[in-house]
Amino acid sequence: MQHSRHNKKPLKKFVQVAVPAPLYSYFDYLSPDNADEKTLHPGCRVQVPFGRRFQIGVILGHSDTTKVPANKLKAVQTIFDVEPVLPKELLKLLKWAASYYQYPIGEVVHTAMPALLRKGKAPSIKGQAIWRTGSKPVDPDTEFKRAPRQLQLYRFLQQQDGGASDELLNQQFENWRTAMKSLVVKGQVIKSEQPCLPEAVANAEAGPELNPEQQSIIDTIQSQAAGYRAHLIHGITGSGKTEVYISLAQQVLAAGKQVLVLVPEISLTPQLTDRFRKRLGVRIASLHSGLNDSQRLCAWSTAAQNGAQLVIGTRSAVFTPMPRLGLVIIDEEHDGSYKQQDGFRYNARDLALVRAQQAGVPVVMGSATPSLESLFNCYNGRYQLHTLKQRARSSQTPRIELVDLCKQKLQEGLSPKLLASIDRHLQNQGQVLLFLNRRGFSPLLMCHECGWTTSCKRCDAHMTYHKSRQLLRCHHCGAESAVPHSCADCGGSELISIGAGTERIEQLLQSQYPDIRVERIDRDTTRRKGSLHEKLELARSGNARILVGTQMLAKGHDFPNVTLVGVLDTDQGLYSGDFRAAEHLAQLITQVAGRAGRAEKPGEVLIQTHHPDHPLLQTLLHQGYDGFAHAALTEREQAGFPPYRHLALLRCEAIKPEAGTAFMESARALLNEYDSSGIEVFGPLPAPMEKRAGRYRMQLMLQSHQRKLLHQALQPWTQSLTRLKTGNKVRWSLDIDPYDTY
Ligand code: ADP
Ligand code: ZN
Ligand code: ZN
């Protein structure tokens, strides 16, 4: 034994722990007495005293020295893990992210872990327990005459088809375990364990034979040397991008590696997961918002142990440990939902690229409407661009036409031309999809006497009129109120609804076509679990002949029978103050247009606008998305916006506007204390929506040609912002690479 003691590394005295707290650094603790370095790996969770409480943190490293005075040092209390829950590669990514996004490392680490790990649970891959009645015939009323608790439980389980989970039982009963134990002992109830991930499909289905365009992309990607390389597949909807992902994944899986697939919205596209499952025949961990905590932990841990070969998930799936990562796929890379909009404001697409780079594996992104950033990266050679020009299954590209709304007599916002087209397509047994990014019946009510409008008391915004629910609702803060019968200003009794939302369009069309099924698909009509799925089925099957919806309808769905697409309102997007508005509009038009004529029927797309000569619309129409992208990039360059400049946006909100101003002024002054050469500062200015949810909002924008210069100044600045006294009366946050400037 002498030998091994001799070999043992001397234990470093201090453990560096990331604790979830709004502070930028890790914290030093003393190693517990009984610990040796073997049990204190970076990535293991520990419980540490923090302030007056205990916190669960993650070990980042060790050191022989500390700046903490000896009398302040405390010791690690408990060590939870023998093996790191956050492996080295992931810690590296998280440290990078904390520094890039200027966000406290403890919070970053916290965000990356499933909730149960944050609470100290073991990274278990056990499925959840399921309780169900046994097969032995039991007459509950006689059997449990003197055990009312058991009777209750037994009766309840009898009604549960698939058995009941702990979670369900906890919801229904208090202290059910003792009674349940008796039932189990008597064999009247059986406890079993559900596998937490479905097993792999035994016989993978074969796919279609790839067309030459697809094959050449795969050949190009596979011909490259191993290691990191970023690829972007620009291909219209239905051009076969997913087939390319599947083929590439097959190769990587065959080599025993794992594949990470990021998607913007998994609940909207469950077919995609099914498709991967059926075609690849491997165990898939699907991480989505529908999982409960233990299912999430199980999926996460299974992937971490290489028990799942493919992980498919939304934004936060980028943090799943995957020891054999061999390929990263990012579908719909342009989608805004990859950006987290509060707290730790990371962009999962960008982090996935960094992760792939650190792991030395290729990344394949795909979109019908790539972001301008990504196209720019293709033009400058950082990514390799591949295009799919043909639709995989034959169908003509739709005819797109602008409809000038000026001087037209509109019916609830619909032009005579669009109304006539709807009629024609319905007569020809077509299906119609109308797109409007505005929920509710009308965006406001107005007094016909004096012009008073229904505005939100807490926001600079109107309250939307929801007719069927008979209420006014603010879409910014969620405030609701009863529909007024008269004007609050002059008492006038005639209140008119101005403008149209999806509910109004639905009502108009339903009254015009009483015998035809009209389905509205927006957040209001899909609140109930399963309702979105039902509606999408009705849309896909063609039973719903007219579909009215918001951007929910624009994403990735396959509606083979749609022949006419109408985009009702483009003017908002053309004249918005946000630098990404034009890009969003072009993406939206291209995506919804892709919904028309996907199968054998030719499609028609009508875009309503008051500005048919607008250069954006003209370029998009005549030169396609590519032409638009080139023009829009030139505009971005001239205006000094990304990807030509790098942005950081300091936001703050305060109940009193003066408090916001004071904080922003001191933040700006503080910037002068650091080297801010090469950085332009704009503001502080009021946010585009100055008041929201009762708070006044301001912003300060930092801009630079060089990311490095920006980050050099940000680092010391952000850390001293936390010490500003003026910061006590405001909420503030820093957004690196903001997605929008609202
Ligand atoms: P995207 O991901 O670009 O929207 P998909 O990969 O989903 O496109 O393909 C669209 C449809 O065309 C799917 O039904 C798919 O099965 C089919 N498809 C894709 N590639 C081929 C091919 N080479 N031959 C026949 N059908 C194909
Ligand atoms: Zn009035
Ligand atoms: Zn409001």
Practice task
In vacuum, with every alpha carbon of segment 333-387 counted as one equal point scatterer, what does the Debye formula give for log10 I(q)/I(0) at q = 0.27, 0.29, 0.31 Å⁻¹? Two decimals, please.
Solution key: -1.22, -1.28, -1.31
Practice task
Hey, can you grab everything whose amide H is under 5 Å from the amide H of ARG439? Only 5+ residues off in sequence or another chain; H modelled, so Pro and N-termini drop out.
Solution key: THR502
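Expressed as a fraction of 2.2 N^0.38 Å, the rule-of-thumb size for a compact globular protein of N residues, what is the C-alpha radius of gyration of segment 646-736?
That ratio works out to 1.03.
Under the definition of Cα pairs under 8 Å and six or more residues apart, what whole-number percent is the relative contact order of the chain?
Numbers: 1450 pairs, mean separation 75.2, N = 742.
Once normalised by length, the contact order is 10 percent.
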Handout entry: Alpha-carbon radius of gyration plus Dmax, which is the widest Cα pair, for the chain in Å
Key = 29.0, 96
Problem - Projected label distance in nm at LEU168 and PHE54, using a 7 Å step from Cα toward the beta-carbon - result: 3.4
Exercise for the section: Taking 7 Å along the Cα-to-C-beta vector as the label spot, tell me the GLN152-GLN638 distance in nanometres, rounded to one decimal. Expected result: 7.3
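Which of ARG527, ARG504, ARG149 comes first, and how do the rest follow, when ranked by fewest Cβ neighbours within 10 Å? It would help to have the intermediate numbers written out before the result.
Numbers: ARG527 9, ARG504 22, ARG149 16.
Arranged by neighbour count, lowest to highest, ARG527, ARG504, ARG149 become ARG527, ARG149, ARG504.
As an exercise, find the ratio Rg/Rh for segment 167-250 from alpha-carbon atoms, using the Kirkwood inverse-distance average for Rh. Walk me through the intermediate numbers first.
On the way: Rg = 25.0 Å, Rh = 18.3 Å.
Radius of gyration over Kirkwood radius for segment 167-250 works out to 1.37.
Over 18 Å apart: what share of the alpha carbon pairs of segment 482-558 falls there, rounded to a whole percent?
Numbers: 1524 of 2926 pairs.
Roughly 52 percent, once rounded to a whole number.
Given the alpha-carbon gyration tensor of segment 14-118, what are the semi-axes of its equivalent ellipsoid in whole angstrom, ordered largest first, with each equal to the square root of 5 times an eigenvalue? Numbers along the way, then the final one.
Values: eigenvalues 77, 50, 34 Å².
They are 20, 16, 13 Å, listed from largest to smallest.
Quick check on segment 301-400: what does the Kirkwood estimate of hydrodynamic radius come out to from the alpha carbon pairs, in Å?
Details: mean 1/r = 0.0649 Å⁻¹.
Computed over Cα pairs of segment 301-400, the Kirkwood hydrodynamic radius comes out at 15.4 Å.
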Exercise for the section: Starting from the Cα of LYS417, draw a straight line to each of the lysines and keep only those under 17 Å, dropping any in the same chain fewer than 8 residues away. Expected result: LYS407, LYS409
Problem - Cβ-placed point charges (K, R +1; D, E -1), dipole of the chain about Cα centre in debye, nearest 20 - result: 2660
Exercise for the section: Find how many whole Å separate the alpha carbon centroid of segment 147-220 from the alpha carbon centroid of segment 462-484. Expected result: 40
Exercise for the section: Classify segment 496-538 as rounded, prolate or oblate, taking a ≥ b ≥ c as the square roots of the eigenvalues of its Cα gyration tensor: rounded when a/c is under 1.5, otherwise prolate if a/b is larger than b/c and oblate if not. Expected result: oblate
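To make sure I understand, if each residue's beta carbon is the centre and we count other beta carbons within 10 Å, what order do ILE125, ILE105 fall in, fewest to most?
On the way: ILE125 19, ILE105 25.
Listing ILE125, ILE105 from fewest to most nearby Cβ atoms yields ILE125, ILE105.
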Fill in the blank from the handout: Per-residue ellipticity at 222 nm attributable to helices in the chain (runs of n ≥ 4 DSSP H, -39500 (n - 2.57) apiece, nearest 500 deg cm²/dmol) works out to -9500 deg cm²/dmol
Fill in the blank from the handout: Taking every alpha carbon pair in segment 212-393 and sorting the distances into 5 angstrom bins from 0 up to the bin holding the longest one, the percent per bin comes out as 1, 8, 18, 22, 23, 16, 8, 3, 1, 0
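From the P(r) of segment 493-631, can you give the percent of Cα pairs sitting at distances over 25 Å? Working shown, then result.
Numbers: 3215 of 9591 pairs.
Taking all Cα-Cα pairs of segment 493-631, the fraction more than 25 Å apart is 34 percent.
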Problem - Alpha-carbon radius of gyration plus Dmax, which is the widest Cα pair, for segment 129-193 in Å - result: 10.6, 30
Handout entry: Two-site label geometry, GLU205 and THR142: point separation in nm, points 7 Å out along Cα→Cβ
Key = 5.2
Fill in the blank from the handout: If each part is reduced to its alpha-carbon centroid, segment 320-346 and segment 499-537 end up apart, in Å, by 32
Completion exercise
Quarter of the surface of the C-alpha convex hull for segment 393-499, i.e. direction-averaged projected area in nm², equals 10.3
Completion exercise
If ILE233, ILE246, ILE329 are placed from fewest to most neighbouring beta carbons inside 10 Å, the sequence is ILE246, ILE233, ILE329
Handout entry: Free-standing Cys, the chain [no other Cys Cβ under 4.7 Å]
Key = CYS44, CYS378, CYS406, CYS477, CYS652
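Readers should treat all values here as calculations from the given coordinates under stated rules, not as data from a laboratory. Note that this is a predicted model, so its numbers are computed, not measured. Every residue, glycine among them, receives a Cβ derived from its backbone with ideal geometry; neighbour counts consider all protein chains shown.
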